[in-house]
Amino acid sequence: MVTAHGHPDLVLQMAGHGSLVQTQTGEWYLAHLIARPYTPLGRCVLGRETAVQRVEWSQDGWPRVPGGIPHERVGAPRLPQSPFPEEAARDEFDALVLGPRWSTLRRAAEAGWLDLRARPSHLRVFGGQSPHGPHTPSLVARRLTHRYCSLETVVDCRPQSFQHLAGITAYYNSRNWHYFYVTRTHEGGVQLQPLTEDARRLTAQRSGVVDLDPGMTRIRLRVELEEERAMFSYDVGRGWQTVPVVLDATILSDEYAAHAGVVADRDHPGFTGAFLGLWVMDPAADGFFADFDYARYDAGIR
(Lines give C-alpha, C1' and ligand atoms only; values in the text may rest on other atoms or scores of the structure.)
Protein backbone atom coordinates (compact mmCIF):
# COMPACT_ATOMS: atom_id res chain seq x y z
CA MET A 1 0.00 0.00 0.00
CA VAL A 2 2.72 2.48 0.90
CA THR A 3 6.52 2.46 0.86
CA ALA A 4 9.40 4.92 0.62
CA HIS A 5 11.71 2.26 -0.81
CA GLY A 6 13.50 3.59 -3.86
CA HIS A 7 12.64 7.20 -2.96
CA PRO A 8 15.48 8.50 -0.73
CA ASP A 9 14.42 12.07 -1.52
CA LEU A 10 11.13 11.73 0.37
CA VAL A 11 10.93 13.50 3.74
CA LEU A 12 9.04 10.58 5.29
CA GLN A 13 10.86 7.24 5.27
CA MET A 14 10.45 3.74 6.78
CA ALA A 15 6.68 3.56 6.35
CA GLY A 16 5.19 0.49 7.98
CA HIS A 17 2.94 -1.05 10.63
CA GLY A 18 -0.26 0.42 9.21
CA SER A 19 -3.84 0.30 10.49
CA LEU A 20 -6.91 1.15 8.42
CA VAL A 21 -9.52 3.45 9.91
CA GLN A 22 -12.87 4.68 8.58
CA THR A 23 -14.26 7.99 9.81
CA GLN A 24 -17.89 8.52 10.69
CA THR A 25 -18.28 10.38 7.38
CA GLY A 26 -17.17 7.35 5.38
CA GLU A 27 -13.61 8.45 4.56
CA TRP A 28 -10.74 5.98 4.83
CA TYR A 29 -7.22 6.60 6.14
CA LEU A 30 -4.12 4.58 6.93
CA ALA A 31 -2.31 5.36 10.19
CA HIS A 32 1.26 4.07 10.14
CA LEU A 33 4.75 4.60 11.50
CA ILE A 34 7.40 6.63 9.70
CA ALA A 35 10.74 8.28 10.45
CA ARG A 36 12.34 11.48 9.20
CA PRO A 37 16.09 11.27 8.53
CA TYR A 38 18.00 14.54 8.53
CA THR A 39 19.77 13.55 5.30
CA PRO A 40 18.74 11.09 2.55
CA LEU A 41 18.93 7.59 4.03
CA GLY A 42 20.53 9.10 7.14
CA ARG A 43 19.83 8.57 10.82
CA CYS A 44 16.50 9.47 12.42
CA VAL A 45 17.14 11.14 15.78
CA LEU A 46 13.42 11.90 16.14
CA GLY A 47 12.69 8.17 16.21
CA ARG A 48 9.39 6.74 15.04
CA GLU A 49 6.46 9.04 14.40
CA THR A 50 2.86 8.51 13.35
CA ALA A 51 1.70 9.48 9.87
CA VAL A 52 -1.73 9.42 8.22
CA GLN A 53 -2.42 8.75 4.53
CA ARG A 54 -5.66 9.08 2.62
CA VAL A 55 -6.92 5.74 1.27
CA GLU A 56 -8.87 5.11 -1.92
CA TRP A 57 -10.52 1.81 -2.85
CA SER A 58 -9.84 0.29 -6.25
CA GLN A 59 -12.63 -0.99 -8.49
CA ASP A 60 -11.75 -4.56 -7.55
CA GLY A 61 -12.00 -3.77 -3.81
CA TRP A 62 -8.39 -3.15 -2.71
CA PRO A 63 -7.30 -0.23 -0.49
CA ARG A 64 -4.72 2.03 -2.12
CA VAL A 65 -2.67 5.02 -0.99
CA PRO A 66 -2.45 7.46 -3.94
CA GLY A 67 1.00 7.15 -5.47
CA GLY A 68 1.94 4.36 -3.06
CA ILE A 69 4.33 6.62 -1.13
CA PRO A 70 4.10 8.44 2.24
CA HIS A 71 2.90 11.98 1.61
CA GLU A 72 4.08 14.82 3.85
CA ARG A 73 0.79 16.72 3.40
CA VAL A 74 -2.61 14.99 3.42
CA GLY A 75 -6.07 16.49 3.09
CA ALA A 76 -7.90 16.60 6.41
CA PRO A 77 -11.03 14.52 6.92
CA ARG A 78 -14.42 16.21 7.09
CA LEU A 79 -14.60 16.10 10.87
CA PRO A 80 -14.94 18.68 13.66
CA GLN A 81 -11.67 20.15 14.89
CA SER A 82 -10.35 18.41 18.02
CA PRO A 83 -7.05 20.10 18.84
CA PHE A 84 -4.88 18.58 21.50
CA PRO A 85 -4.26 20.97 24.42
CA GLU A 86 -1.07 22.90 23.81
CA GLU A 87 1.74 21.93 26.12
CA ALA A 88 3.40 24.61 28.25
CA ALA A 89 7.06 25.07 27.36
CA ARG A 90 8.10 25.41 31.00
CA ASP A 91 7.40 23.06 33.88
CA GLU A 92 7.75 24.84 37.22
CA PHE A 93 7.32 21.58 39.15
CA ASP A 94 4.44 23.07 41.12
CA ALA A 95 2.22 19.97 40.88
CA LEU A 96 2.37 17.06 43.31
CA VAL A 97 3.00 14.54 40.53
CA LEU A 98 5.05 14.67 37.36
CA GLY A 99 3.14 15.61 34.23
CA PRO A 100 2.54 13.13 31.39
CA ARG A 101 5.32 14.58 29.24
CA TRP A 102 7.93 13.07 31.58
CA SER A 103 9.25 9.53 31.46
CA THR A 104 11.46 7.70 33.93
CA LEU A 105 13.92 4.87 33.36
CA ARG A 106 13.28 1.37 34.75
CA ARG A 107 11.32 2.48 37.79
CA ALA A 108 8.13 4.38 38.44
CA ALA A 109 8.08 8.07 39.33
CA GLU A 110 7.41 7.62 43.03
CA ALA A 111 8.50 8.69 46.48
CA GLY A 112 11.82 7.25 47.52
CA TRP A 113 13.79 8.82 44.71
CA LEU A 114 11.56 11.64 43.41
CA ASP A 115 10.06 14.35 45.64
CA LEU A 116 7.90 17.32 44.57
CA ARG A 117 6.96 18.25 48.13
CA ALA A 118 10.26 18.69 49.98
CA ARG A 119 10.99 22.06 48.36
CA PRO A 120 8.23 24.16 46.79
CA SER A 121 8.42 24.49 42.98
CA HIS A 122 11.35 22.11 42.74
CA LEU A 123 11.81 18.52 41.64
CA ARG A 124 14.14 16.72 44.04
CA VAL A 125 15.87 13.73 42.47
CA PHE A 126 17.86 11.36 44.66
CA GLY A 127 20.84 9.88 42.87
CA GLY A 128 20.65 6.38 41.47
CA GLN A 129 22.85 3.79 39.89
CA SER A 130 25.46 4.37 37.21
CA PRO A 131 24.29 4.36 33.57
CA HIS A 132 24.53 0.58 33.30
CA GLY A 133 22.75 -0.13 36.59
CA PRO A 134 19.93 -2.53 35.76
CA HIS A 135 17.41 -1.47 38.40
CA THR A 136 17.51 2.03 39.90
CA PRO A 137 18.85 4.80 37.67
CA SER A 138 17.55 8.30 38.45
CA LEU A 139 16.64 9.76 35.08
CA VAL A 140 13.61 11.98 34.38
CA ALA A 141 13.32 12.85 30.69
CA ARG A 142 10.98 13.92 27.93
CA ARG A 143 10.80 12.90 24.29
CA LEU A 144 12.85 14.73 21.71
CA THR A 145 10.25 15.88 19.15
CA HIS A 146 11.90 18.63 17.08
CA ARG A 147 14.93 18.83 14.82
CA TYR A 148 15.99 22.08 16.53
CA CYS A 149 15.25 22.21 20.25
CA SER A 150 16.68 22.71 23.71
CA LEU A 151 16.08 21.75 27.32
CA GLU A 152 17.03 24.21 30.04
CA THR A 153 17.02 23.83 33.82
CA VAL A 154 18.48 25.16 37.07
CA VAL A 155 20.15 22.53 39.23
CA ASP A 156 20.88 23.09 42.91
CA CYS A 157 23.14 20.46 44.49
CA ARG A 158 26.10 19.92 46.78
CA PRO A 159 28.24 17.02 45.56
CA GLN A 160 30.63 15.68 48.15
CA SER A 161 32.29 12.99 46.05
CA PHE A 162 33.41 12.30 42.49
CA GLN A 163 30.61 9.72 42.48
CA HIS A 164 27.97 12.44 42.96
CA LEU A 165 26.77 13.68 39.56
CA ALA A 166 23.77 15.88 38.69
CA GLY A 167 22.94 17.55 35.43
CA ILE A 168 21.30 17.48 32.03
CA THR A 169 21.41 14.84 29.31
CA ALA A 170 20.61 13.98 25.72
CA TYR A 171 19.86 10.29 26.08
CA TYR A 172 19.03 7.33 23.86
CA ASN A 173 19.77 4.27 26.00
CA SER A 174 22.31 3.16 28.59
CA ARG A 175 24.98 2.83 25.90
CA ASN A 176 24.38 5.99 23.87
CA TRP A 177 24.14 9.41 25.55
CA HIS A 178 25.68 12.82 26.23
CA TYR A 179 25.75 14.17 29.80
CA PHE A 180 26.73 17.54 31.31
CA TYR A 181 26.93 17.42 35.07
CA VAL A 182 28.14 18.99 38.31
CA THR A 183 30.52 16.88 40.42
CA ARG A 184 33.30 17.12 42.96
CA THR A 185 36.81 16.21 41.85
CA HIS A 186 39.27 13.95 43.64
CA GLU A 187 41.12 17.11 44.69
CA GLY A 188 37.99 18.59 46.27
CA GLY A 189 37.09 21.13 43.60
CA VAL A 190 33.70 21.46 41.95
CA GLN A 191 33.42 21.16 38.20
CA LEU A 192 31.03 20.95 35.29
CA GLN A 193 32.03 18.05 33.07
CA PRO A 194 30.69 16.80 29.71
CA LEU A 195 30.76 13.05 29.16
CA THR A 196 29.70 10.92 26.20
CA GLU A 197 29.00 7.22 25.89
CA ASP A 198 29.00 6.03 22.30
CA ALA A 199 28.35 2.29 21.83
CA ARG A 200 29.94 1.55 25.24
CA ARG A 201 32.91 3.86 24.60
CA LEU A 202 33.16 6.53 27.30
CA THR A 203 34.73 9.84 26.26
CA ALA A 204 35.43 12.62 28.75
CA GLN A 205 35.24 15.89 26.80
CA ARG A 206 38.23 17.51 28.51
CA SER A 207 38.03 20.79 26.62
CA GLY A 208 34.54 21.31 28.02
CA VAL A 209 35.43 21.06 31.73
CA VAL A 210 34.46 24.15 33.75
CA ASP A 211 35.86 24.93 37.22
CA LEU A 212 33.25 26.34 39.57
CA ASP A 213 33.36 28.28 42.81
CA PRO A 214 33.15 25.55 45.50
CA GLY A 215 30.43 27.54 47.26
CA MET A 216 28.21 27.78 44.20
CA THR A 217 25.20 25.47 44.25
CA ARG A 218 22.66 26.88 41.74
CA ILE A 219 23.67 26.57 38.08
CA ARG A 220 21.68 26.98 34.88
CA LEU A 221 22.29 24.23 32.34
CA ARG A 222 21.10 23.79 28.78
CA VAL A 223 21.38 21.14 26.09
CA GLU A 224 20.65 22.17 22.50
CA LEU A 225 20.15 20.02 19.42
CA GLU A 226 20.53 21.35 15.90
CA GLU A 227 19.84 18.32 13.74
CA GLU A 228 23.12 16.31 13.82
CA ARG A 229 24.76 18.61 16.41
CA ALA A 230 24.39 18.59 20.20
CA MET A 231 25.83 21.32 22.45
CA PHE A 232 25.87 22.14 26.16
CA SER A 233 25.76 25.58 27.80
CA TYR A 234 25.89 26.88 31.37
CA ASP A 235 25.20 30.10 33.26
CA VAL A 236 26.78 30.90 36.61
CA GLY A 237 25.52 34.48 36.76
CA ARG A 238 27.38 35.95 33.79
CA GLY A 239 25.06 34.88 30.97
CA TRP A 240 25.08 31.75 28.86
CA GLN A 241 28.47 30.25 28.05
CA THR A 242 28.62 27.50 25.42
CA VAL A 243 30.93 24.56 26.02
CA PRO A 244 33.47 24.45 23.14
CA VAL A 245 32.58 20.89 22.15
CA VAL A 246 30.13 19.96 19.37
CA LEU A 247 28.78 16.46 19.90
CA ASP A 248 27.27 13.95 17.49
CA ALA A 249 23.52 13.89 18.05
CA THR A 250 23.00 11.03 15.58
CA ILE A 251 24.26 8.45 18.09
CA LEU A 252 20.86 9.04 19.71
CA SER A 253 19.05 7.36 16.81
CA ASP A 254 17.38 3.99 16.35
CA GLU A 255 19.60 3.17 13.38
CA TYR A 256 22.83 3.85 15.23
CA ALA A 257 21.86 2.07 18.42
CA ALA A 258 20.71 -1.01 16.50
CA HIS A 259 23.84 -1.35 14.39
CA ALA A 260 26.74 0.17 16.31
CA GLY A 261 28.89 -2.86 16.97
CA VAL A 262 28.30 -4.41 20.39
CA VAL A 263 25.06 -2.50 20.83
CA ALA A 264 23.30 -4.65 18.23
CA ASP A 265 21.93 -7.34 20.51
CA ARG A 266 18.57 -8.56 21.71
CA ASP A 267 18.66 -6.44 24.85
CA HIS A 268 19.32 -3.21 22.92
CA PRO A 269 17.42 -3.48 19.63
CA GLY A 270 17.28 0.26 18.95
CA PHE A 271 13.61 1.18 19.29
CA THR A 272 13.42 3.62 22.20
CA GLY A 273 13.66 7.08 20.64
CA ALA A 274 15.73 9.95 22.01
CA PHE A 275 15.14 11.97 25.18
CA LEU A 276 16.29 15.19 26.83
CA GLY A 277 16.31 15.03 30.59
CA LEU A 278 17.56 15.47 34.13
CA TRP A 279 19.96 12.86 35.49
CA VAL A 280 21.41 12.31 38.97
CA MET A 281 23.90 9.59 39.96
CA ASP A 282 24.95 8.31 43.37
CA PRO A 283 26.21 4.75 42.82
CA ALA A 284 27.53 4.52 46.40
CA ALA A 285 24.03 5.33 47.75
CA ASP A 286 25.30 8.17 49.97
CA GLY A 287 21.94 9.97 49.91
CA PHE A 288 23.06 12.59 47.39
CA PHE A 289 20.25 14.51 45.70
CA ALA A 290 19.73 17.48 43.39
CA ASP A 291 16.88 19.99 43.24
CA PHE A 292 15.73 21.14 39.80
CA ASP A 293 13.96 24.52 39.87
CA TYR A 294 12.24 24.16 36.50
CA ALA A 295 12.62 22.55 33.10
CA ARG A 296 11.95 24.39 29.84
CA TYR A 297 11.70 22.68 26.46
CA ASP A 298 11.93 25.03 23.47
CA ALA A 299 11.38 24.03 19.87
CA GLY A 300 13.38 26.09 17.41
CA ILE A 301 11.77 26.84 14.06
CA ARG A 302 14.27 26.34 11.24
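The values are calculated or read from the model by the stated rules, or taken from the named source; none is laboratory data. Please read all numbers here as calculations on a predicted model, not as lab measurements. Ligands, DNA and RNA are excluded from the accessible area calculation, which covers all protein heavy atoms including side chains. Shrake-Rupley method; radii C 1.70, N 1.55, O 1.52, S 1.80 Å.
Take every Cα pair under 8 Å whose residues are at least 6 apart in sequence, average their separation, divide by the length of region 158-208, and the relative contact order is 29 percent. Orientation-averaged projection of region 5-93 equals 8.5 nm² [convex hull of Cα atoms, one quarter of hull surface area].
For region 1-88, DSSP calls about 100 percent of its internal beta bridges antiparallel. Summarising the overall dimensions of the chain from its C-alpha atoms, the Rg and Dmax are 21.7, 78 angstrom. Within region 30-141, the ratio Rg/Rh, alpha carbon atoms throughout and Rh by Kirkwood, equals 1.14. Using a cutoff of 8 angstrom between alpha carbon atoms and counting only pairs six or more residues apart, the relative contact order for the chain works out to 21 percent. Using alpha carbons only, the radius of gyration of region 164-265 set against its Kirkwood radius gives Rg/Rh = 1.00.
Shown for the chain: the carbon plus sulfur share of the solvent-accessible area, taken with all protein chains present and a 1.4 angstrom probe, equals 51%. The relative contact order of region 44-196 comes to 13 percent, based on Cα pairs under 8 Å that sit 6 or more residues apart.
On a per residue basis, the chain carries 51 Å² of accessible surface, using protein heavy atoms and a 1.4 Å probe. A straight chain from GLN24 to ARG106 at 0.36 nm per residue would run longer than the Cα-Cα distance by 25.5 nm.
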